[in-house]
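Student: Supplied in structure tokens, the structure appears directly below.
The values are calculated or read from the model by the stated rules, or taken from the named source; none is laboratory data. Source: prediction; values computed, not measured. All Cβ positions, glycine included, derive from the backbone under ideal geometry; neighbour counts span all protein chains shown.
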Amino acid sequence: MPAFKKHFLFNRKYFVMSIFRGAVDDPLMEVTFGQLLDDTAARWPDREAYVFKKTGQRVTYADLQKKASKLAAGLKAIGTTRGDVVAWLFEYRPEWVYLYFAVAKLGAIAFPLKEERLGRNVEVMYYALKKAGVKILIMGDISGVDQTDDTIPYLCSLFPEVKTVGPGMLQIKRLPTLTSVVLLESKEAVTGVYTLEEVERMGNDDKLLVEVRTLQDQLSCHDTFRLLLTSGSTGHPKCAEQSMYSLYNNICFKNKALRMPNKGTVLHPCLLWFDVMWPFVAGFTIVVPANRCFSSSEILKTMQEERCHSIVSLYVKECHRLLHDPHLGDYDLSSLERVIVGGNVTPKSLLDRAAKVLPNAKISVNYGATEFISVAVSAVDMTGEGRGSTVGKIFPHTEVQLVDKDGQVVPLGHEGELWVRGHSVFKGYRGDAEKTSKAMTTDGFYKTGDVCILDENGVLKIVGRVSDMIIRDGYNVYPAAAESPLLKHPKVYDVRVTGVPDPISVEEVCACVILKEGQTTDSQELKKFCAEIEMVPIDRPGYLVFMDAFPLTSTQCKVDRKRLRLIAMEKLGLKEEA
């Protein structure tokens, strides 16, 4: 039986509690990415694994195995050993994938970074590299950072020491673990760095290549393999540790739940570091439309040219932009069968829009986070009002429970914070035992902070966030309850709801609204709209403020609701009560 339920007697009534364990019919697999690459290259040597449209490069499994093995040997030549952290900061291009598997072959730890999330903030950059204990840093494609024109000025502003020492001999007090910096390519000489071409040449050594092959049998899929920065709402981001075991099994269950075809092409615009091994599980080809920030036109053109049957891991915002692109109808998208949106709550209005403009494609929501990758996906054939907030059935080998503010399990069908335990849960925050202990229970459950409702079939519905909850007149108001209805207004592009201080209600609901281009409206029109659609009165916003953009967290991934609250208070002229 997949479900694990407990019954409690209360006031002479039995209640089924919100505890669920996914099916265990499919076994969990133990495999390293080095083994996975070697086995797949032997099986499908000439099949394309990745296509990078911007550079025009098409990478087969045989290409990837050859490049990754040589690069692994080269990294070993400059001192990379098992357990060392290798970070890279550059746009999506084939070297991004080569590095991922090269690091795996060494038993080292991958730490992929993104310029738009990190590279523009030098202090956060230092903090992240130090927290992770980075030994090797590979950089390239850096532009427009602190008014520099390319990678080298930015590099020298970060590490002036590279001008004075030889490659592999860095000694930086602020980053004591960092020994080597590698540039993807360089048009000018810098004393203390390698180029990737030099590292690859070192990897031509037959002895090193044999050592890399021999090492494969000594590695464990349970070791930490990857670090990812979280989107902390205050202060510096945390650094989550994940294993190959978690990543591989999670992608297997996600692939099966989505019923992905085992051939053809899949467009993947943004979250490649989560899904880089997906082609090895499913057999399809991942197509990356752009190196950095992508546009709707690039996605549409790529889908048409490559005849993609799926789009995976779109953020809600990108999905909205795509579905409302005025040129959507100009492209032949007849090959498109499904669109997978990453995150949690996807507005029903967006799903309705997709059904209208992409009638042959089904939309699924992949619910996950950095700390637990994915735990559910919505069924492609789901209909009705539940589609927007329902994120699907719990994955196999995953346990969940919903608890109240005291950590007690709530009855089935009641709201509670989602706690998750299982193979996909992260190992902890690197270098942050205190933060890890706050996020995890002693018996291994991760506290997601998401307020959910669970039904008897293990289907999960997202209600809101614990930390975002607004207490208005003694009632709990979750932002999603106000955001989803407002998004139905034809002039509204995006909306985030926050609580602002109120002397009578303790907190008042404030909706921060971004309008569609060229549209105008006012608070009265939107409040009238809320009444016309019979929005629950306690959820209706007392204040509405209009913005051009929302503030983001330090990793530029999520809306910073704490800062949003302060901005709204400033616009409204409100202050905290003494």
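Student: On the given criteria, is LEU215 in contact (Cβ under 8 Å) with a residue 12 or more places away in the chain and under 30 Å from LYS393 (Cα atoms)?
Tutor: Here the answer is no, as LEU215 does not meet what is asked.
Student: From THR214, THR195, THR177, THR230, which residue is buried (at least 20 other Cβ atoms within 10 Å of the Cβ) and among the hydroxyl-bearing types (Ser, Thr, Tyr)?
Tutor: Testing whether each residue is buried (at least 20 other Cβ atoms within 10 Å of the Cβ) and among the hydroxyl-bearing types (Ser, Thr, Tyr) leaves just THR230.
Student: Shifting gears a bit: Being aliphatic (A, V, I, L, M) and either under 25 Å from PHE111 (Cβ atoms) or at pLDDT below 90 (or both) is the filter here; which residues of region 266-286 pass it?
Tutor: Correct list: LEU271, LEU272, VAL276, MET277, VAL281, ILE286.
Student: Determine the pairs where a residue that is assigned by TED's automatic domain parsing to the domain that holds THR191 and surrounded by 14 or more Cβ atoms within 10 Å (Cβ to Cβ), located within region 151-170, has a partner that is at pLDDT below 75 and among the charged types (D, E, K, R) with Cβ atoms under 8 Å apart, the partner being 6 or more residues away or on another chain.
Tutor: Every condition considered, the pairs that remain are THR151/ASP141; ILE152/GLU188; TYR154/ASP146; CYS156/LYS163.
Student: Which members of region 393-445 meet the condition of being aliphatic (A, V, I, L, M) and either closer than 20 Å to ARG465 by Cβ or without any contact (Cβ under 8 Å) to a residue 12 or more places away in the chain (or both)?
Tutor: ILE394, VAL400, LEU402, VAL403, VAL409, VAL410, LEU418, VAL420, VAL425, ALA433, ALA439, MET440
Student: What do you reckon, is SER378 within 18 Å of ILE462 (Cα to Cα) and buried (at least 19 other Cβ atoms within 10 Å of the Cβ)?
Tutor: yes
Student: While we're here: Of a type in the set (Ser, Thr, Tyr), modelled with pLDDT under 90 and closer than 20 Å to GLN65 by Cα: does that describe TYR92?
Tutor: Against the criterion (of a type in the set (Ser, Thr, Tyr), modelled with pLDDT under 90 and closer than 20 Å to GLN65 by Cα), TYR92 qualifies.
Student: Can you name the residue in region 298-350 that is assigned to a strand (DSSP E or B) and β-branched (Val, Ile, Thr) and, of all such residues, is farthest from VAL266 (Cα to Cα)?
Tutor: It comes out as VAL341.
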